[in-house]
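Data block below; observations after.
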Amino acid sequence: MVVKEEHIVSLIKSGKDREVVPVLYKKVYPLVEYYIVRNSGTKDDASDVFQDTLLLFYKQIMQNSFDEKYKVFGYLYKISLYKWMNKAKKNSKIKFVDEIENLDYIMVHETANETISNPDENIIRKLFSPIGEKCIELMTYTTYSSLLLEDIMLRMKLNSVAAVKMQLKRCKEKLLKEIEENPSLINQLRNK
């Protein structure tokens, strides 16, 4: 199905956002990324800003507060630029950001590596911890939450559905390798 710009709002209202999101990423995101990277930002910054813009746009449509006199692509681009300018201004006033982020990273990983009282959980933790938090998050979304690839793409701030599929493939390969290298862990789980 070819999605035209003038039909995007009605498609979202009718619940067909799975068809719309890839079009928005194809048409608008490259322009946003180009602008942000050329103005002291990174690709991750661009991804964050564009995702925030899409969430705002979606919310406006669902609350009937989006003014349809605006062209969707131009509107998303302009809002992304404003969001980036605001973020850049705020970040220039903050000091020691890297240290705060590292502290959060350390706290998360120390908590994740604490000993768990249940021995089965310790075995599972040993098996899954080497594949990394991002892989665990991705596999949880696909296996237990049954999220659509487009939703996972937005939540994990990946650039495309193809990137989600590639990351999932790599994570599964890591997990299979870990299982092959630690057959004793699997045997311990089977014997419980």
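At a glance:
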| read-out | value |
| --- | --- |
| All helices (runs of 4 or more DSSP H) inside the stretch 1-80 with 1 or more residues being touching a Phe, Trp or Tyr at 6+ places or on another chain (Cβ under 6 Å) and either within 18 Å of ILE152 (Cα to Cα) or hydrophobic (A, V, I, L, M, F, W, C) (or both) | 29-38, 43-62 |
| Long-range neighbours under 8 Å by Cβ, at least six apart or interchain, first residue among the basic types (Lys, Arg) within the stretch 8-22, second in a loop (DSSP other than H, G, I, E, B) | ARG18/LEU148 |
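Condition check ((1) among the polar types (S, T, N, Q); (2) at pLDDT 80 or above; (3) under 12 Å from the mean Cα position of the chain (by Cα)) across all residues:
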| position | (1), (2), (3) |
| --- | --- |
| SER145 | yes, no, no |
| GLU150 | no, no, yes |
| MET156 | no, yes, yes |
| GLN167 | yes, yes, yes |
| GLU173 | no, yes, no |
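The values are calculated or read from the model by the stated rules, or taken from the named source; none is laboratory data. Remember, predicted model here, so these are calculated numbers, not experimental data. No Cβ is skipped: glycine too gets one built from the backbone with ideal geometry, and neighbour counts run over all protein chains shown.
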